[in-house]
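Student: Quick one: the structure is below, questions incoming.
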Amino acid sequence: MGVNEVITNLNPLEYDIYFYLIQNKNMVISMKLKDLANQLHVSTAMITRVCQKLGFEGFGEYKAYLKLEEHEQVNTNTFQLEHIFNFFYSVDNEMFYQEIQEAVALIKEARDVIFYGIGLSGILAQYGHGLFNRKGIRSLYIEDFSMRLDFYEKAIAIILSVSGNTTEVLGRIQNLKSYGTKVILISENSHNKAAQMADLCINYHLPNVKDKYYANSVTQVPVLYILECLANSL
């Protein structure tokens, strides 16, 4: 049974207990069942019943789940932080500097800079647009990948895409290239389809998996750094 189904099967009092449990995890994790019951002015049996409806044997198993969840969260954050540090170590070299300079040379040849991105990449593309404009570099941010412009041949596109394999991104690059527009791709790796089509790919090589909602898990901190390096080098 999914969470939504569970919630709809709770009566008003049970829902209040459920809401308290999920909103006060840090406190509940160290409380005894009797103390929690006194806090909520309900019986211990009522709390146990709510935990059972959530799929646990009782309050004790629910607390064990919270502790495991807390431990996994700490491990996940530590794991991600290690990879962020590794990224910054990996770009502290001449090769990364040369990549930035290659991108800068392409950008300087263009009259306009067009930023593209979808989802979180779209938000960062918008950030890049604002950053470049603030530095005095004329740029546009386009979130509608179907939009047609009449000055592609005088512009350069900076496309942000984690996977570099989405239909929208590949179609956009193909369209841009048909106008003779140069394309810089900022992506998680350089082995995707978009990287093969782009004039230049700046990648950040970080582990990326999709969660149950098919969203990418890779951190976007490197993308911010790359965009700022480009803006500061122009």
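Student: On a full-extension model of 0.36 nm per residue, what is the gain between Lys154 and Tyr15, subtracting their alpha-carbon distance, rounded to one decimal in nm? The partial results should precede the final answer.
Tutor: Details: separation 139, 0.36 × 139 = 50.04 nm, distance 5.93 nm.
Contour length minus Cα-Cα distance gives 44.1 nm.
Student: Between exposed trypsin sites (Lys or Arg not before Pro) in the chain, where DSSP calls loop and at most 16 other Cβ atoms lie within 10 Å, what's the longest gap? Display every interim value, and only then the final one.
Tutor: Values: sites that count: Lys32, Arg111, Lys135, Arg138, Arg148, Lys212.
Result, exposed sites excluded: 33-110.
Student: Between Lys67 and Glu94, 0.36 nm times their residue separation minus their Cα-Cα distance comes to what?
Tutor: Stretched fully, the Lys67-Glu94 segment lengthens by 5.2 nm.
Student: May I pose another question? Over the chain, what relative contact order in percent results from Cα pairs under 8 Å that are six or more residues apart?
Tutor: 14 percent
Student: May I ask for the longest run of the chain untouched by GluC sites (Glu not before Pro) that are loop-located per DSSP and have at most 15 neighbouring C-beta atoms (other than their own) within 10 Å?
Tutor: Answer - 144-234.
Student: Another question, if that's okay. Can you send over the carbon and sulfur percentage of the accessible area for the chain, probe radius 1.4 Å, protein chains only?
Tutor: Solvent-exposed carbon and sulfur of the chain make up 53 percent of the total.
Student: Here's a follow-up. Using the heavy atoms of the protein chains and a 1.4 angstrom probe, tell me the accessible area per residue for the chain in square angstrom.
Tutor: 58 Å²
Student: What is the angle, in °, between the Cα long axis of helix 167-178 and the longest principal axis of the Cα atoms in the chain? Nearest 10 is fine, range 0 to 90.
Tutor: Result, in degrees: 10.
Student: Considering the range 94-141, what Rg and Dmax in Å follow from its alpha-carbon atoms?
Tutor: Over the range 94-141's Cα set, Rg and Dmax evaluate to 11.6, 32 Å.
Student: Can you tell me the 0 to 90 degree angle between the C-alpha axis of helix 59-90 and the longest principal axis of the chain, rounded to 10?
Tutor: 20 degrees
Student: While we're on this one: Along Cα→Cβ, 7 Å out, is where each label goes; now give me the distance between the ones at His83 and Phe56 in nm to one decimal.
Tutor: Simple spin-label model gives 3.0 nm for this pair.
Student: Continuing with this model, one more query. Could you give the length gained by full extension between His41 and Tyr225, i.e. 0.36 nm per residue of separation minus their alpha carbon distance, to one decimal place?
Tutor: 61.1 nm is the gain from fully extending His41 to Tyr225.
Student: Here's another thing I want to ask about it. Using a 7 Å offset from the Cα along the Cα-to-Cβ direction at both Arg111 and Arg138, what is the distance between the two label points in nm, to one decimal?
Tutor: Placing both labels 7 Å along Cα→Cβ, they lie 0.7 nm apart.
Student: Report, to the nearest 10°, how far helix 44-53 tilts away from the longest principal axis of the Cα atoms in the chain, using its own Cα long axis and a range of 0 to 90°.
Tutor: It is inclined by approximately 40 degrees.
Student: What translational diffusion coefficient, in µm²/s and rounded to a whole number, does the Stokes-Einstein relation yield for the chain at 10 °C and a viscosity of 1.306 mPa s, taking the hydrodynamic radius as the Kirkwood radius over Cα pairs?
Tutor: Values: Rh = 21.0 Å.
In µm²/s, the coefficient is 75.
The values are calculated or read from the model by the stated rules, or taken from the named source; none is laboratory data. The model shown is predicted, which means the values in this text are computed figures rather than measured ones. Note: ideal-geometry Cβ built from the backbone for every residue, glycine included; neighbour counts use all protein chains shown. Accessible surface areas use protein heavy atoms only, side chains included; no ligands, DNA or RNA. Shrake-Rupley method; radii C 1.70, N 1.55, O 1.52, S 1.80 Å.
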